[in-house]
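Down below is the structure, laid out as structure tokens.
Nothing in this text is a laboratory measurement; each read-out follows from the coordinates by a stated rule. Everything numeric in this text was worked out from a predicted model, so none of it was measured. Cβ coordinates were reconstructed from backbone atoms using ideal geometry, including for glycine residues, and neighbour counts include every protein chain displayed.
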Amino acid sequence: MIDYNKIASEVLDTETKGLVELKASLLKDPAFGRAVDLLLNRRGAIVVTGMGKSGHIAKKIATTMSSTGSRAFFLHPGEASHGDMSIVSADEVIIAISNSGESKELSDIIGYAKRFNVSMISITRAADSSLARAADVSLVMPAVPECCVIGKAPTTSMIQTLALGDVLTVVLEHANNLTPDIYKNWHPGGKLGASLIRVSDLMHKGDELPIVKENDLFGAAIDVMNRPIRFGCVGVVNDTGKMVGILTDGDIRRQVSDGLIGKQMHAIMKKNPYSIAADMVATEALRILNEKHIQTLFVLDDAARPIGIINFHDLLKAGIA
């Protein structure tokens with residue numbers, strides 16, 4: 001009987017070893033710094049190419065770079081040989097990927113790069129391969145065995161290549177000063193875009209804020225809570241505008257037998273209410289709502305003055321909840 005757990009352990013051990021050795025070789029290889037300099041100093045786009053399994057990895061690297069601020073695209077070697085090479089100029093930098101460094105399909109791209117002075121970085125396991133020799137900078141991955149049962153199918157080598165692509169991508173992210181706000185501009189749709197929305201994008205503010213003063217009578221709170229836009233609560237502020245408490249529908253129900261009419265807000269409010277900042281990502285607001293089992297959060301400025309309010313329904317409509 002096949003021991004699946006044993007096989008899984010061996011595969012992960014081999015691939016982990018591949019990454020460990022990649023890290024060790026990369027940190028001591030001056031070629032890595034030269035490759036980064038080429039990418040940082042380019043005038044055009046990054047062109048990532050490869051054939052077969054390397055091509056699939058090249059596509060992933062190109063799309064990740066492009067989505068994080070480094071203009072990049074994948075160029076299929078076959079299509080390049082039949083007209084698509086014209087999109088590559090001397091302003092671009094090519095990243096060519098081949099495990100063996102001898103992929104015949106890359107020969108036309110190599111020749112084009114040489115003729116038109118296009119800088120090229122190679123990623124390969126063979127330091128003396130045709131690709132490595134032709135490249136301006138060659139990043140050579142350590143030769144750890146493939147974890148395939150016959151040791152031939154690209155497995156460990158593809159994990160190494162993918163990781164090396166991520167390393168280059170993240171270095172470029174730092175150089176481009178990538179921030180969540182910039183990233184959000186490129187990912188406006190779906191759950192990814194929603195996860196980067198900030199509280200300030202969703203909160204109610206201005207006249208919509210349900211606010212009373214701590215010396216107001218209970219009746220003032222009822223008037224505010226009965227406005228057309230209802231939040232099921234009022235925030236309580238002191239004379240300086242600082243938020244000092246909150247009164248919710250639930251608080252009223254629990255205290256109704258105490259005779260609330262005629263009482264001032266400071267006597268019936270709940271002190272130290274939960275609050276958030278406007279620049280907080282909305283997913284964090286959702287986490288607080290869920291953890292504290294509440295429906296609404298006031299948004300405070302640096303002086304603890306209420307500037308907005310957000311509730312679960314706002315997050316639901318934005319696709320976050």
* Could you tell me which of rounded, prolate or oblate describes segment 1-66, using a ≥ b ≥ c as the square roots of the eigenvalues of the alpha-carbon gyration tensor, with rounded for a/c under 1.5 and, failing that, prolate when a/b is larger than b/c and oblate otherwise? => oblate
* Quick one: if the Förster radius is 51 Å, what FRET efficiency do ARG287 and ASP84 give, using the C-beta to C-beta distance and rounding to 0.05? -> 0.65
* Dipole of segment 112-168, Cα-centred, from +1 at each Lys and Arg C-beta and -1 at each Asp and Glu C-beta, to the nearest 20 debye? -> 220 debye
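In debye, nearest 20: dipole of segment 54-114 around its Cα centre with unit charges on the Cβ of K, R (+) and D, E (-)? Write down the numbers at each step before the final one.
Values: 5 positive and 7 negative charges, 42 e Å.
In debye, rounded to 20, segment 54-114 gives about 200.
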* **Across LYS104/LYS152; LYS271/LYS292; LYS23/LYS60; LYS53/LYS114; LYS60/LYS114; LYS270/LYS317, pairs whose alpha-carbon gap is larger than 22 Å** => LYS53/LYS114; LYS60/LYS114; LYS270/LYS317
* **Listed residue (MET120, SER275, THR169) projecting farthest to the positive dipole end of the chain, Cβ model** => SER275
* **From the coordinates shown, Rg/Rh (Cα atoms, Kirkwood Rh) corresponds to which of [x] 1.22; [y] 0.98; [z] 1.42** => [x]
* Structure fact -> Note: segment 44-88, point scatterers on Cα, Debye, no solvent; log10 I/I(0) at q = 0.21, 0.34 Å⁻¹ equals -0.64, -1.13
* Return the long-range amide H neighbours of VAL237 (sequence gap of 5 or more, or a different chain), with a cut-off of under 5 Å between placed amide H atoms. => VAL212, LYS213, GLU214, VAL244
* Starting from the amide H of LYS263, placed 1.01 Å from N in the peptide plane, find each other amide H under 5 Å away whose residue is 5 or more places distant or on another chain. => PHE218
* To do: With runs of 4+ DSSP H residues as the only contributors, calculate the mean residue ellipticity of the chain at 222 nm using -39,500 (n - 2.57) per run, divided by the residue total and rounded to the nearest 500.
  => -12500 deg cm²/dmol
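Placing +1 at every Lys and Arg Cβ and -1 at every Asp and Glu Cβ, with all other atoms neutral, what dipole size does segment 4-178 have around its Cα centre, in debye to the nearest 20? Present the calculation step by step, with values, prior to reporting the outcome.
Details: 17 positive and 18 negative charges, 14 e Å.
Rounded to the nearest 20 debye, it is 60 debye.
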* Whole-Hz ³J(HN,Hα) from phi, Karplus 6.51 cos²θ - 1.76 cosθ + 1.60, for segment 67-83, glycine and proline x -> 6, 10, x, 10, 4, 8, 8, 8, 10, 6, x, x, 5, 4, 6, 10, x
* Asked: Along segment 114-123, what does the Karplus equation 6.51 cos²θ - 1.76 cosθ + 1.60 (θ = phi - 60°) give for ³J(HN,Hα), rounded to whole Hz, x for Gly and Pro?
  -> 5, 5, 10, 6, 9, 5, 9, 10, 9, 10
* Structure fact -> Phi angles of segment 272-286, converted by Karplus (6.51 cos²θ - 1.76 cosθ + 1.60, θ = phi - 60°) into ³J(HN,Hα) in whole Hz with x for Gly and Pro, give 6, x, 5, 8, 9, 9, 5, 8, 6, 5, 5, 5, 6, 4, 4
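Hey, what D do you get for segment 244-321 in µm²/s if you plug the Kirkwood alpha-carbon radius into Stokes-Einstein at 25 °C and 0.890 mPa s?
Working: Rh = 13.8 Å.
My calculation gives 177 µm²/s for D.
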* Structure fact -> With bins of 10 Å, the percent of all Cα-Cα pairs of segment 4-178 per bin from 0 is 10, 40, 35, 12, 2, 0
